[in-house]
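Below: the structure, in structure tokens.
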Amino acid sequence: MSTTNPQGVLSSLLTEDRPWTVKEMIREKGNRLEVVDAIAELHAAGLVTRINKHVICASRAAIRADELSL
């Protein structure tokens with residue numbers, strides 16, 4: 001499974017509970033277009049919060065869902 005899919009991006013956001021720049025995520029995952037698409041998909045689903053155009057973090061809903069799955 002590719003780590004540049006939405007699940008892989010969300011997993012990185014949840015594992016390191018901190019804001020990420022989009023550039024950091026692209027460096028981490030390696031494929032710019034797939035990362036940007038995954039972020040857009042997660043944002044549309046309410047699982048990613050955009051702090052500004054360049055900084056993202058897991059939404060409160062995503063963090064809570066992750067906590068409940070443990």
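The values are calculated or read from the model by the stated rules, or taken from the named source; none is laboratory data. For clarity, every value in this text was computed on a predicted model and none was experimentally measured. Backbone-built Cβ (ideal geometry, glycine too); neighbour counts: all protein chains shown. SASA here: full protein model, heavy atoms, side chains in, ligands and nucleic acids out. Shrake-Rupley method; radii C 1.70, N 1.55, O 1.52, S 1.80 Å.
Points worth noting:
- Angle in degrees between helix 6-15 and the longest Cα principal axis of the chain, rounded to the nearest 10: 60 degrees
- Listed candidates (i) 0.93; (ii) 1.31; (iii) 0.95 - label of the one calculated as Rg/Rh (Cα atoms, Kirkwood Rh): (i)
- Solvent-accessible surface ranking, highest first, for 56, 63, 51 at 1.4 angstrom: 51, 63, 56
- Charge dipole magnitude, Cβ of K and R +1, D and E -1 - the chain, Cα centre, debye nearest 20: 260 debye
- Å² of accessible area per residue within the chain, as computed with a 1.4 Å probe and no ligands counted: 66 Å²
- Once the chain from residue 63 to residue 44 is taken as fully extended at 0.36 nm per residue, the excess over their C-alpha distance is 5.2 nm.
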